[in-house]
Structure formats: structure tokens, C-alpha cells
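The values are calculated or read from the model by the stated rules, or taken from the named source; none is laboratory data. Quick caveat, the model's predicted, so the values are computed rather than measured. So basically every Cβ, Gly included, is an ideal-geometry build from the backbone, and we count neighbours across all protein chains shown. Just the protein is used for accessible areas: all its heavy atoms, side chains included, with ligands, DNA and RNA removed. Shrake-Rupley method; radii C 1.70, N 1.55, O 1.52, S 1.80 Å.
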Amino acid sequence: GNIPAVVMRMALPLIAAQLVNVLYNVVDRIYIGHIPNVGSMALTGVGIALPVISILSAFAGLFGQGGAPLCSMARGRGDNDEASRVMGNAFSMLLVSSVALGLLTWAFLDPVITVFAAGKEASSYAREYLAVYLIGTTFSFVSLGMNVYINAQGFATRGMLTVLLGAAANIVLDPVMIYGLGPVPELGVRGAAWATVIGQVASAVLLFVLHLRLNREFDRSIRQLKPETAVIRDIYTIGLPAIIAQALM
């Protein structure tokens, strides 16, 4: 078809998803900043947690941005079996790395926070936020890493919907979880983290459903999840520069 039209059809949903993601982050900070009496210090604590979250997200990008081009190239050749193996290996590595990195960060949470610390009170809020956030590490990795494969197959609007769902759930749940509305107790910073985790779970579930619906021509048997050295090496070759760049930023 018309190439500029195709580019715009792919680009506009991606831009919209990015804008919604930025909006969610702004709204999230507004709610945290307005926690009575401790808002500014709580906001500082979440700021301390942000570099840790960014580095974890970079690892999700390693297997997403590293594998999606390979998946697209395989599909372009008509080799759906290879595309299935790339996607399956990426999914397996996302699961393994999310559990390993989540547990590692949990084990060294205090030293990690100390690196970015700005006083004991702010550090305590960072610890509260990260302690909850790490529970949802696997869902975060899956939603970030596998969303790229939806976009890489040309389904940018569907990929946008997964981001919208997670952000919308987070924005709606933030005041409920932070301030305690109805039967929900007031959770403060931990409430903001729980809202984020629930949003990530919603995104991951929708992604799983979309992959089942959109990838009917793929081999979705369990054997495609078996790690293959050659496939993982190729994913690393493309994804490693992306993770280094994001981690440095």
C-alpha cells in the first residue's frame, strides 16, 4: 500500500500510547504529592525508586526490542516457525529474568536504595513503593516486552489498547488505593504501587488474549518456549545496545 499512509497508521497509535503513558506518570505523581502531611517527602521517595524501575524496564526491553525485529523478518520470509521460536524464547527469557531480577533487587533493596538515598524518611517511602512494585515485576516485564511483538506485526492499535488499559486502571485506582475510598484502607505510597501493579496485570492479561487471537498461524505449543542458544544470542545481539542506552539514560 501507500508507504506514508502505512507509516502514519503505525505511528499514531504508538504516539498516543506514549502520551497516555506520560499522562499516567504525571497524574500518579500529582496524587502522591497530595498525600496529606507527607506528600512532598513521599514524592521524593518515589523519585528515588524511579532509577531502579527504569533499569528493570530496560531488561524487559532487551527481549522485546531485541526479538521483535527478528520476528518481523521471519514473518516477512514466510517462516512462521522461526517467528514462533523467537517469540517463545523471548517470552521465556522475560519470565526467567523478571523472577531473577525481582528477587535480586528484593534481596539487595536496602543497599540499592542507599545509592540513590536522600535521607532516611525519603528512603523509607522508596522502600515501601519498591517492596510492592517488585511483586508485579513479571507482569511488568511481560506487558513491556511482549507489547513490542504486537506492534511489530502491524497491530499498533491493539498494542496501544494494552497501554491504555494499564494506564486507565492505574489512574482510576490511584485515588482509591492512596487515599482509601469506600472499603479500601488508606495505603499512601504503597497504594500507588499497588495501583501500578494492578494496571500491569491488566495489560499483561490483555496482551495474552491478543496474542492468542492475533497469532493463529503461529505454533503456540509449549515446545516453542524451550530456550535455544542461537535464538537467544540473536535477540541479545539486537537488544543489548537498547538496554545499555536506556540504562545509561
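Before moving on, here are some points about what is shown:
- Taken over the stretch 157-202, the residue count meeting the criterion of being out of contact with any Phe, Trp or Tyr (no Cβ under 7 Å at 6 or more places or on another chain) and among the aliphatic types (A, V, I, L, M) is 15.
- Of all residues in the stretch 97-130 being within 14 Å of residue 50 (Cα to Cα), of a type in the set (A, V, I, L, M, F, W, C) and free of Cβ contacts under 8 Å to residues at least 60 places away in the same chain, the one that is least open to solvent (accessible area, probe 1.4 Å): 109
- Condition check for residue 115: over 21 Å from residue 70 (Cα atoms) and within 15 Å of the chain's Cα centre (by Cα): no
- Restricting 84, 98, 40, 72 to residues that are in a helix (DSSP H, G or I) and under 18 Å from the mean Cα position of the chain (by Cα) narrows the list to 98.
- Of all the numbered requirements in (1) in contact with a helix residue (DSSP H, G or I) (Cβ under 8 Å, 6 or more places away or on another chain); (2) of a type outside the set (A, V, I, L, M); (3) at pLDDT 85 or above, residue 233 misses one, and that requirement is (1).
- Test: residue 29 is more than 25 Å from residue 176 (Cβ to Cβ), among the charged types (D, E, K, R) and part of a helix (DSSP H, G or I): no
- Residue among 70, 19 that alone is open to solvent by 10 Å² or more (accessible area, probe 1.4 Å), at pLDDT 85 or above and closer than 22 Å to residue 198 by Cβ: 19
- Top-ranked residue of the stretch 135-161 - restricted to ones that are surrounded by fewer than 23 Cβ atoms within 10 Å (Cβ to Cβ) and of a type in the set (S, T, N, Q), ranked as nearest to residue 242 (Cα to Cα): 151
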